[in-house]
Amino acid sequence: MSATPTAGGIHAILGPTNTGKTHRAIARMLEHETGMIGFPLRLLAREVYDRVRKQVGDEAVALVTGEEKIVPRGARYFVATVEAMPVSRAVQFLAVDEIQLAGNDQRGHLFTERLLDARGTQETWFLGSDAMRGALAEIVPTAQIATYPRLSKLSFAGGENLPKVPARSAIVAFSLPEVYALAERVRARRGGAAIVAGALSPRTRNAQVALFQNGDVDYLVATDAIGMGLNLDVRHVAFASTRKFDGREVRGLEDTEVAQIAGRAGRHHQDGTFGTLNPAALSADTIAAVELHRFPQIRRLYWRNSDLDFSSTFALMESLRVPPRIQRFRPAPLADDLAALEKLVASDGSYARLRGDALKLLWDVCKIPDFRKLLFENHVQFLAELFTELRAHHGVVRNDWISARVAPLNDVSGTVDDLTARIAETRLFTYLANHESADGSSWLPDAAAWRAHTTALEDRLSDALHEALVRRFVDETKKRPVRTGNAAPAPRRPRGTGEDLLARVAPTHPFAALAKLRGAMTPEPPAVAALPPLAERLAARLGAGMPIPARASAPLLWDFTIAGEPLGRLRPGKTLVTPRVRPIENALGPDDLRRSEGLLEGAVAVSLVQALGVSCMDLPTDDAALRGARFALRQGLGFARSRGLAAEMAGVRKGLRWWSIAETDPRLAEWRAALWETFVGVPFPKVGRGDARAVAEVDGPNRCPPPLWEAIGYARAGAWALPILHAEALLEALAAGDRSRAERLAREAGIPARDVAPFVDDLRDDVI
């Protein structure tokens, strides 16, 4: 059984694409006061930064990549590329996405370094493929590992010719020339295509994606850049090739690479398909692996020594080649930075005589990425020129030196290839403008002005590139009309929510209670003589009593039932206590499904707020200790360990081991299990809704890590678990020196006589 993320500690959140891993990580980060997430691509980091910015405001979140640094003074959350993560900054929550890239021979050592050293002060998450399970368990044995199933089905659709590729498809190739050639073919046959490639700037990429997302074009032609978490409305992925150049050789795609790319098809609960363009083909074994999400475990991770010796150039190179001492690790192959250093030393003996600060400067220069992707010798020559300029002027380049190189790039004319090349070179100078040395100094004399200049230049070039891509790959005569902002949208039936439908029901209905619990200041709505048919039917069922979660036939599915009758199915929402509810068709009828969704969610919210007592957790406060206590109680659905909690809270029961804001109700254990399973996608122990004091045996079918028991309101000790409030009664008896009473309470709870003494001892010692 996989562990479930609980507050605190190190967690590995694993699973295939479309499992909601990144979404959950962002949500968890925002539940902390401070946080940081590292992503493998600048494009993905920018996408998540924009998402977080909309939720918390511009001043609360920073973007840190090699080419962009947007760091407001009050930033509490940092979204970064893995390489640029400011790991020296202490944050409560830290996450690294796509951790399986530790097995990549080009960048793997960077991810391995984060796996070993990057930690949040309260909580750390590593997100990635289940193929990392074994490596993570060995390298970070304290990590709790949780796995999630894909939210939708992914199936193979076979091979087809380009004219038969269905609409809303992504066609994938592995070089820009091949992408452009395919896009021209799509334009000729199907009206046009949008382009996504790693060589595009975020601004161009976003504009191209908007073409596709808005329905201007029905096809996306892309490189494997779409495989790293970009959220697109893609229903089918077609591989134009199954071979790629990986920087050293042309090779066949690995099964995990196929799965990562194909997984862009079908998002959330919408099924997706993948296939090939003739004559490309996938083996039967690869197809089966992708459809079943079964891949061999990653056996080796790449590692490179980070404890470098700057006493001499050769000492530095030798320290970079130190072999790993852990069997699971393999030495990283020759990376561009080390290759550049070796070429410089071979070309000029003066580099071999450097040491100390001068050598550190040279190494920083060598780590500049090769954005232009021309001949590597050209890149090394630029590094040599830059290093000479920096040494000659005390670590700062002259304005005229950089101006002479940036000025020719300010040209928005030319072909797609011309503009792409200028953007790549602009990214080089944007990187220089954003670089900070270990002491915080910049390489440019007026770094802020140059950052603004190069960013604005990249934006102009990006806009021009987008226009050039549209001209080249979209047939405007076949482009779908787009509704303008002045056009009146088609009338739409309003979707009901718990709040906007309050006025249509009687004040005694549960939805009226929802308004009160949310702090509504308006008077209760008057009773209505005649309810709409839908509200009338729902009111009749909701009036039967408190909703009860009951397991459906399939694992991890919970039905929302009233008076034993299923009415809807729980689905994950934004928080633990705000699940979505998908109505069940046979309960309401197809015409009422969409309108009933909001009503059902409102009913569930009312029941939960009332039963769990969590409404007080959202009241504003300036007390940091109180906010911390509320956070812990909210994370525990009404329960929290008392250690470290010092705030005074009205309505909170303080026990010896736990604080609680909920009275024990026979149904609440089931509610907690349903909420946690729905939200995190991991099975919880089955507990009955009989006697509130009923114990559960923790072995056999109920075997799971101890924290899961606490999540549903149970205390585990030895071979048994019982409700926390009853466990507190035992602890109070022990604290008073009345062991006989504690053992009597254990027996009354249902613990067998032979296990009473060990249970009491385990509970006393708090080995939970």
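Where a number appears in this text, it was derived from the coordinates with a stated rule and is not lab data. Bear in mind the structure is a predicted one, so any value in this text is a computation, not a measurement. Cβ: placed from backbone, ideal geometry, glycine included. Neighbour counts: every protein chain shown.
The table for this structure:
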read-out	value
Subset of LYS69/LYS367; LYS244/LYS343; LYS244/LYS367 violating a 22 Å alpha-carbon distance limit	LYS244/LYS343; LYS244/LYS367
Cβ-Cβ FRET estimate between LYS153 and ALA315, R0 fixed at 60 Å, reported to 0.05	0.60
Separation between Cα centres of the stretch 359-374 and the stretch 108-131, rounded to whole Å	25
DSSP-defined antiparallel bridges as percent of all bridges, the stretch 9-147, nearest 5	5
Pair ARG119, THR415: separation of 7 Å Cα→Cβ label points (nm)	5.4
Chain lengthening between ASN378 and THR578 when straightened (0.36 nm per residue, less Cα-Cα)	66.4 nm
Burial order of peptide ranges 441-447, 53-59, 355-361 (average beta-carbon count within 10 Å, highest first)	441-447, 355-361, 53-59
Peptide ranges 390-397, 740-747 listed from the most packed, as the mean C-beta count within 10 angstrom indicates	740-747, 390-397
Trypsin sites (Lys or Arg not before Pro) restricted to the stretch 195-252 and DSSP loop, no more than 15 other C-beta within 10 Å	ARG248
Order of PHE376, PHE382, PHE759 - criterion: other Cβ atoms within 10 Å of each residue's Cβ, fewest first	PHE376, PHE382, PHE759
The stretch 63-96-the stretch 399-423 distance, computed between alpha-carbon centres (Å)	29
Per-peptide average of other Cβ atoms within 10 Å, ordering 211-218, 139-146 highest first	211-218, 139-146
Sequence of ASP761, ASP255 once ranked by neighbouring C-beta atoms within 10 Å, starting from the fewest	ASP761, ASP255
